[in-house]
Amino acid sequence: MTVRLADTLTGEVRPLEPLEPGHVRVYTCGPTVYGPAHIGNFRSFLFADLLVRYLRYRGLRVTWAMNLTDIDDKIIRGAAAEGVSTGELADRYATRFLADASALGMTRPDVLPRATEHIPQIADLVARLRDAGHAYQTEDGSWFFRIASWPAYGRLARLDPEAMRVGERVESDEYGKDDVRDFALWKGPKPGEPSWDTPIGPGRPGWHIECSAMSMTHLGPSFDIHTGGVDLVFPHHEDEIAQSEAATGKPFVRTWMHCAHLRLGGEKMAKSKGNIERVADLLAAGVSPRALRYALISVHYRAPLNYTDESLPAAAAAVDRLDALLAALAAYREDRADDSTLPGLLSGVRAGFEAGLDDDLNISEALAALFEGVRELNRRLADRTLSTADAAHAATFLRELDAVLGVAAPPADELEPELAAMLEARAAARSARQWAESDRLRDELAERGIAVEDTRDGQRWRRTVASGG
RNA sequence: GGCGACGUGGCGAAGAGGCCUAACGCGGGGGUCUGCAAAACCCCUAUUCGUCGGUUCGAAUCCGACCGUCGCCUCCA
């Protein structure tokens, strides 16, 4: 079977056929760095991460670009409010974004292009649109895309361009447009705003143009997958298609993938609604980043995900179940013949895992296969039917699948000397049958986030997965 | 108002005509194991899939109506 993905434009789930066989080019609409991103934003970034990880797991080469939009109205406003430059504000939140992303185990994209570093490409794109008759300039030096010149407008969002005149609203800086539906490609210079001198005149990029310019610069005029949150379908991605295809005359994106919203309190999580949670705040409150990551990726990306008080504890428990098995496999020692049925078990789990993910990233089906494997491995561990080598193979196998999920604890890391000493002391107390002392040490270790268990393979420990509660 | 998505156990969620007396995770109850725990394993926890009709030998899965929730149409992941 091959990877099949849903495409917003056609509404179909189609096999992925990269334009260049074996090499998939992916563009993800990243954050506008005007403030800290919330976990709803991260849901869509982690969805893209899951996609990229899976394609790589599948043996495909992936080039992944994710933009950082570092110039726009909100950045200008925020910088003005703080009395700092737009560059300084953007840098600050770009750094913070990358820190949050890496805490959540997000793969670093191959390219992280910034709008302000692609001004020439943006200006060139506008010039091409002008030459092709799709763009016009207004008195203030702004450039607009002429929607009337692009009949395909509205296809992605399934909106009727004719009907869009209803409820029209004219932004204060958009007077002079020929048609209210037209959107800004380039904004003329204004006092107090950053401005770049370019062949199309001075000013700054509009709202959507940077993604067209950067994606085509780094991935080519046509590429395979473009991802983002559903709220970007219109107008952002609709406009990207129009301006890109009108400029190049080539199909822009093969597959458009959109992630549904994260909800809190029944509503879309959004800064404007005030119902947001931020990564750094949650981690500071003691939430395990792996639990948070699991909570955000364990529901299919096209289904709304309701974030509640139970989300994190449930996710933490699931992740801990995986950790516990990995720890048990690592500690397991049994001198006996290999279990001849183990390879069959593992390949069955793999088949289920892949069948799920192949089907438009059906994570639930994949996780079901994984956890069925977890239960069966636990059984065999308890029954001692595995050899030491079997346990090692099983652990390697689980880590291979987890390369896609990115939630399991790293292999037995070095423990802080102080905690290691406590573990040693406890083992000694236990062998001397000093139960009170060994129990006291166990409690103390538990408070420090180390779960200690006594097994036939000896004393075993692992870091607990906290949910902040 | 226009367009669209969705409604499955205590919670999350898969399943999209017969393998469903409904996967998987969380939670709860009982048990086994253990110095005690923990982890793990075993059993139980939806004869039922928003409601009402219809199609069919057969429907959670198809059709219709209704009720409810959410999103987009404006900056937004």
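The values are calculated or read from the model by the stated rules, or taken from the named source; none is laboratory data. Keep in mind that what you see is a predicted model, and the values were worked out from it rather than measured. All Cβ positions, even for glycine, are placed from backbone atoms using ideal geometry, and neighbour counts span all protein chains on display. Just so you know, the surface numbers come from the protein's heavy atoms only, side chains and all, with ligands and any DNA or RNA stripped out. Shrake-Rupley method; radii C 1.70, N 1.55, O 1.52, S 1.80 Å.
Computed over protein heavy atoms with a 1.4 angstrom probe, the accessible surface ordering of A:460, A:293, A:333, largest first, is A:333, A:460, A:293.
Across every pair of different alpha-carbon atoms, what Kirkwood hydrodynamic radius in Å does chain A reach?
On the way: mean 1/r = 0.0402 Å⁻¹.
Taking the inverse mean of 1/r over all distinct Cα pairs, chain A comes out at 24.8 Å.
A 1.4 Å probe over all protein chains sorts A:95, A:10 by accessible area into A:95, A:10, starting with the largest. Probing with 1.4 Å while keeping every protein chain in the model, the per residue accessible area of the range A:417-463 equals 62 Å². The fraction of accessible area contributed by carbon and sulfur in chain A is 51 percent, rounded to a whole number (1.4 Å probe; ligands and nucleic acids excluded).
Where Lys and Arg each count +1 and Asp and Glu each count -1, what net charge lies around residue A:49 among other residues with Cβ under 10 Å from its Cβ? Don't skip to the answer; put the middle values down first.
Values: positive: A:53, A:108, A:293; negative: none.
Net of charged neighbours comes to +3.
Computed from phi, the 3J(HN,Hα) profile of the range A:18-26 under the Karplus parametrisation 6.51, -1.76, 1.60 (θ = phi - 60°) reads x, 4, 10, x, x, 10, 9, 9, 10 Hz, with x in place of Gly and Pro.
Note on exposure: A:258, A:218, A:300, A:393 ranked by accessible area (1.4 Å probe, complete protein assembly) read A:393, A:218, A:300, A:258, with the most exposed listed first. Could you pull out every one of the lysines with an alpha carbon less than 23 Å from that of residue A:273, ignoring same-chain neighbours closer than 8 positions? Leaving aside lysines fewer than 8 places away in the same chain, those within reach of residue A:273 are A:74. Normalising the average separation of contacting C-alpha pairs (under 8 angstrom, six or more residues apart) by the number of residues puts the relative contact order of chain A at 17 percent. Take each peptide in A:405-418, A:137-150, A:371-384, count the other Cβ atoms within 10 Å of every residue, and average; sorted highest first, the result is A:137-150, A:371-384, A:405-418. Think of chain A as having a plus end and a minus end, set by charges on the Cβ of Lys, Arg, Asp and Glu; of A:222, A:259, A:93, A:259 sits farthest toward the positive end of this dipole.
A 32 angstrom limit on the alpha carbon distance is what I want to check against. Which of A:177/A:250; A:187/A:271; A:250/A:271 exceed it? Spell out each step's value before the answer.
Numbers: A:177/A:250 27 Å; A:187/A:271 25 Å; A:250/A:271 36 Å.
A:250/A:271, as the Cα separations exceed 32 Å there.
Taking amide H positions as modeled 1.01 Å from N, with prolines and chain starts lacking one, the residues under 5 Å from residue A:68 and 5 or more places away or on another chain are A:114, A:115.
Taking the Cβ of residue A:114 as the center, what net charge do the other residues with Cβ under 11 Å away carry, scoring Lys and Arg +1 and Asp and Glu -1? Numbers along the way, then the final one.
Details: positive: none; negative: A:70, A:91, A:117, A:210.
Charge balance near residue A:114 sits at -4.
Karplus-derived 3J(HN,Hα) values for the range A:147-161, using 6.51 cos²θ - 1.76 cosθ + 1.60 with θ = phi - 60°, are 5, 4, 8, 10, x, 6, 4, x, 5, 5, 8, 6, 10, 8, x Hz; glycine and proline are entered as x.
The modelled label-to-label distance between residue A:347 and residue A:162, using points 7 Å beyond Cα along the C-beta direction, is 5.9 nm. Taking every protein chain into account, the 1.4 Å probe leaves residue A:309 with about 140 Å² of accessible area, to the nearest ten. Here the relative contact order of the range A:315-401, from alpha carbon pairs under 8 Å that lie six or more residues apart, stands at 42 percent. Between residue A:10 and residue A:73, the C-beta separation translates, for a Förster distance of 41 Å, into a calculated FRET efficiency of about 0.80. Helical content alone sets the calculated 222 nm signal of chain A at -14000 deg cm²/dmol, taking -39,500 (n - 2.57) per DSSP H segment of four or more residues and averaging over every residue. Reducing the range A:431-469 and the range A:93-150 to their Cα centroids gives an inter-centroid distance of 53 Å. If you take all other residues with their beta carbon under 10 Å from the beta carbon of residue A:203, and give Lys and Arg +1 and Asp and Glu -1, the sum is 0. Normalising the average separation of contacting C-alpha pairs (under 8 angstrom, six or more residues apart) by the number of residues puts the relative contact order of the range A:417-463 at 25 percent. With charges only on Cβ, +1 for K and R and -1 for D and E, what is the dipole size of the range A:417-463 about its Cα centre, in debye, rounded to 20? Here the range A:417-463 has a charge dipole of around 160 debye. A straight line joining the Cα centroids of the range A:4-18 and the range A:302-367 runs 27 Å. Here the dipole of chain A is about 580 debye; that uses its Cα centre as origin and unit charges on the Cβ of Lys and Arg (positive) and Asp and Glu (negative).
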